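The values are calculated or read from the model by the stated rules, or taken from the named source; none is laboratory data. In this text, all values refer to a predicted model and were calculated from it rather than measured experimentally. As a convention, Cβ positions derive from the backbone with ideal geometry for all residues, glycine included, and neighbour counts pool all protein chains shown.
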Amino acid sequence: MAASPRRRQLLDAALHVIADEGLRGLTHRAVDRRAGLPEGSCSAYLRTRSALQQALTDHVAATLVADVDELAERLRDAPPSDEGVEAALDLFLRWLDQRELLVARLELTMLATRDADLAARLAVHRARLVELVDAIMGSLGKEHSRERAEALVASYDGALIAALLKPPAERREFLTQTLELLSSSLAGPGEG
């Protein structure tokens, strides 16, 4: 179900609140202020803090999965090659330019270690990411399996965190090297 424009505005504002203030700063009032809306707007759409966190978790995860889905579709139509590394690099650099998306994902993932509902929501999205990565590896003619895809997703998570901590000028080189290493080791050689 697509979010209404107002709900999307609130969730985008919540991303920025988390990026700037962490989960402790995520309140309905802070989201209203960040969105430039009258006080009470956020709570009219998302009554409780838990509802806000759940909606934001779904929003962040769905955004990331949609980006990977788009990447998979693009690579599915391409001939098998090493284009996957370059395409993943472009996607990761775009995500790093949207720092708030990655920071919110990290904060919500940590919260999910203590919140079974959030953990369940994230598990559904993560399973879809693993499926997509497995399909991408297959479309690129790489040796692939669910286990390899799961290891790649976990490795990509770590690479993104490490890149987020690097100065922006060093990110491209770091990610290029890291993605090439991951592609050659975890994605394995080409099939056949």
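Figures for the structure shown
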{"quantity": "Wholly within segment 39-158, helices (runs of 4 or more DSSP H) carrying at least 1 residues that are closer than 30 Å to residue 16 by Cβ and among the acidic types (Asp, Glu)", "calculated": "49-76, 83-97, 99-112, 116-139"}
{"quantity": "From 89, 122, 118, 111, residue being surrounded by 14 or more Cβ atoms within 10 Å (Cβ to Cβ), within 13 Å of the chain's Cα centre (by Cα), assigned by TED's automatic domain parsing to the domain that holds residue 163 and touching a residue at least 40 places away in the same chain (Cβ under 8 Å)", "calculated": "122"}
{"quantity": "Evaluation of residue 15 against (1) farther than 23 Å from residue 119 by Cβ; (2) in contact (Cβ under 8 Å) with a residue 40 or more places away in the chain; (3) surrounded by 21 or more Cβ atoms within 10 Å (Cβ to Cβ) (one fails), failing number", "calculated": "(1)"}
{"quantity": "Test: residue in segment 29-51 that is free of Cβ contacts under 8 Å to residues at least 60 places away in the same chain and within 24 Å of residue 144 (Cβ to Cβ)", "calculated": "no"}
{"quantity": "Residue 73 being closer than 30 Å to residue 139 by Cα and of a type in the set (D, E, K, R)", "calculated": "yes"}
{"quantity": "Boolean, residue 178 is more than 21 Å from residue 61 (Cα to Cα), of a type outside the set (A, V, I, L, M, F, W, C) and surrounded by 14 or more Cβ atoms within 10 Å (Cβ to Cβ)", "calculated": "yes"}
{"quantity": "Filter pass, residue 34 being of a type outside the set (Gly, Ala, Ser) and assigned by TED's automatic domain parsing to the domain that holds residue 133", "calculated": "no"}
{"quantity": "From 7, 24, residue being more than 18 Å from the chain's Cα centre (by Cα), under 30 Å from residue 133 (Cβ atoms) and either in contact (Cβ under 8 Å) with a residue 40 or more places away in the chain or part of a helix (DSSP H, G or I) (or both)", "calculated": "7"}
